[in-house]
Amino acid sequence: MKFFIDTANLDQIRQANELGILDGVTTNPSLMAKEGIKGVAAIRQHYKDICNIVDGDVSAEVLSCDFESMIKEGEELAALDEKIVVKVPCTKDGIRAVKYFTDNGIRTNCTLIFSVGQALLAAKAGATYVSPFVGRLDDISSDGVALVAQIVDVFRTYGYETQVLAASIRSTQHIIQCLEVGADVATCPLNPILGLLNHPLTDRGLETFMKDAAKMNQ
Ligand code: E4P
């Protein structure tokens, strides 16, 4: 399973990248706004900065909702760097845009996926990735991981090449659950990724090893 970091924060992207396990980055308008990025020039420069840090796919989301504007915006974003994957919402115009981008060699991440039907339409339009939102489904007492499992199953049954990118990951446990159901990618904030490292027996074992190492160094 590939790991993407779900942030527009350059320090956190650098930290994850330094671990040597990072396969890409996803952003969305909320994450970009959180970093105080304003205006077209600043947005584009920020995507270029992210692409300069990471050796992998970088999802850049369109800010418009109608087909023509999404096409214009997506083409401009894709031209910034070959790592850019244009992120498009799963709407009627969005699916049309995914198909247009597919036909024109531009990779896409179809986002805001909350049902297997939406994932199916995105895959049929040729999306590179579909992003089911695990945490936001859990937030409304639904089962986000079950949706990931259902999409993985359908794509495998019918041979769709579209990758299942589990998004809206809120915890380390979500990462493990998405791994277990066969997600191709999990995009997560830095803390759940670092949480994978945590085990009290590792801490306790290391403490003992370091005490014994000190005895040998005396
Ligand atoms: C990523 O592609 C999504 O935009 C993101 O994971 C949404 O996460 P949230 O539900 O925690 O905002």
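Throughout, read-outs are computed from the coordinates displayed, never taken from laboratory work. None of the values given here were measured: they were computed from a predicted structure. As a convention, Cβ positions derive from the backbone with ideal geometry for all residues, glycine included, and neighbour counts pool all protein chains shown.
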For the table Lys2/Lys99; Lys2/Lys92; Lys48/Lys87; Lys38/Lys124; Lys48/Lys124, the rows whose alpha-carbon distance is greater than 23 Å are Lys2/Lys99; Lys2/Lys92; Lys38/Lys124; Lys48/Lys124
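Starting with the highest mean, order 37-44, 23-30, 77-84, 210-217 by the number of other Cβ atoms within 10 Å, averaged over the residues of each peptide. Each step should come with its number before you reach the end.
Details: 37-44: 13.0, 23-30: 20.5, 77-84: 17.4, 210-217: 8.2.
Per-residue mean Cβ counts within 10 Å order the peptides as 23-30, 77-84, 37-44, 210-217.
Shape call for segment 27-96 from the C-alpha gyration tensor, a ≥ b ≥ c root eigenvalues: rounded (a/c under 1.5), prolate (a/b greater than b/c) or oblate?
On the way: a/c = 1.82, a/b = 1.43, b/c = 1.27.
Prolate, because a/c is 1.5 or more and a/b exceeds b/c.
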Are there GluC sites (Glu not before Pro) in segment 124-218 that DSSP puts in a loop and that have at most 11 other Cβ atoms within 10 Å, and which ones?
Glu161
Using +1 at the C-beta of Lys and Arg and -1 at the C-beta of Asp and Glu, which of Met32, Ile5, Val116 has the Cα lying farthest in the positive direction of the dipole of segment 1-130?
Val116
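Name the shape class, rounded, prolate or oblate, that the alpha-carbon gyration tensor gives for segment 1-153, where a ≥ b ≥ c are the square roots of its eigenvalues, rounded holds for a/c under 1.5, and otherwise prolate holds if a/b is larger than b/c and oblate otherwise.
Oblate shape, in that a/c is at least 1.5 and b/c is the bigger or equal ratio.
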On a full-extension model of 0.36 nm per residue, what is the gain between Asp81 and Tyr158, subtracting their alpha-carbon distance, rounded to one decimal in nm?
24.5 nm
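What ranking of Ser142, Ser168 emerges when the number of other C-beta atoms within 10 Å of each C-beta is taken as an exposure proxy, fewest first?
Working: Ser142 12, Ser168 23.
Ascending number of Cβ neighbours within 10 Å: Ser142, Ser168.
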